[in-house]
Amino acid sequence: MKVDTMNERPARPQPTPTALSAPYWEGLARGELLLQACTRCGTLRHYPRLLCSACFHDGARWQRASGAGRIHSWTIAHHAFSPAFADEVPYTLVTVDLEEGPRALGRWGGDALVIGRGVRARVVHRDGAQELVFDPI
């Protein structure tokens, strides 16, 4: 296990991009939330998948999402899934209905949680990786 020598805590797990997910991670590195769009029917999807859930076509192009959406649900993590997050619990993850249609998951960056509350995505660069954070608007 790698250790962050400045903080003497384990380093955060890093994503392992695949050929399918690399454009998504590259977009986050640039501060952009990208969605796949089916090249046959135009259906948008998030997270990256091989096939369209509407027509099962395997062609996709990437497009930038607005980052705007509404809270669908949330969960509060009270136990760290990795020792690297032990000093951050509890933290809240929100599921957001993006205005483009798909749902996305990210950290909550606000105060009061309300189903249907408007949010905007931002990308936080931390510990050599990117996090998707949703803030209230």
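The values are calculated or read from the model by the stated rules, or taken from the named source; none is laboratory data. What you see is a predicted model, and the numbers here were worked out from it, not measured in a lab. In this analysis, Cβ positions are derived from the backbone assuming ideal geometry, glycine residues included, and neighbour counts consider all displayed protein chains.
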Requested in this report: Looking only at region 75-94, decide whether some residue is more than 26 Å from PRO10 (Cβ to Cβ) and modelled with pLDDT of 95 or more.
Outcome: no
Query raised in the report: Given the residues SER53, SER66, which is the only one that is in contact with a Leu (Cβ under 9 Å, 6 or more places away or on another chain) and either assigned to a loop (DSSP other than H, G, I, E, B) or loosely packed, with under 13 Cβ neighbours inside 10 Å (or both)?
Result: SER66
Query - Residue count, region 99-137 (criterion: surrounded by fewer than 16 Cβ atoms within 10 Å (Cβ to Cβ), within 12 Å of the chain's Cα centre (by Cα) and within 20 Å of GLN36 (Cβ to Cβ)) - result: 1
Report task. Could you tell me whether ALA80 is closer than 18 Å to TYR47 by Cβ, not acidic (Asp, Glu) and not in a helix (DSSP H, G or I)? Result -> no
Query raised in the report: Is it the case that region 23-30 has a residue that's without any contact (Cβ under 8 Å) to a residue 60 or more places away in the chain, over 16 Å from VAL133 (Cα atoms) and assigned to a helix (DSSP H, G or I)?
Result: yes
Report summary line: Output for Cβ contacts, cut-off 6 Å, separation at least six or different chains, first residue more than 15 Å from GLY31 (Cβ to Cβ) in region 103-123, second in a strand (DSSP E or B) and among the small types (Gly, Ala, Ser), reads VAL119/GLY69
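Does GLY106 satisfy the condition of being assigned to a loop (DSSP other than H, G, I, E, B), under 25 Å from ARG12 (Cα atoms) and either at pLDDT below 95 or not aliphatic (A, V, I, L, M) (or both)?
Working: assigned to a loop (DSSP other than H, G, I, E, B): no; under 25 Å from ARG12 (Cα atoms): yes; either at pLDDT below 95 or not aliphatic (A, V, I, L, M) (or both): yes.
No.
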**Report entry** Total residues in region 24-43, condition surrounded by 16 or more Cβ atoms within 10 Å (Cβ to Cβ) and farther than 20 Å from ASP127 by Cβ
**Finding:** 6
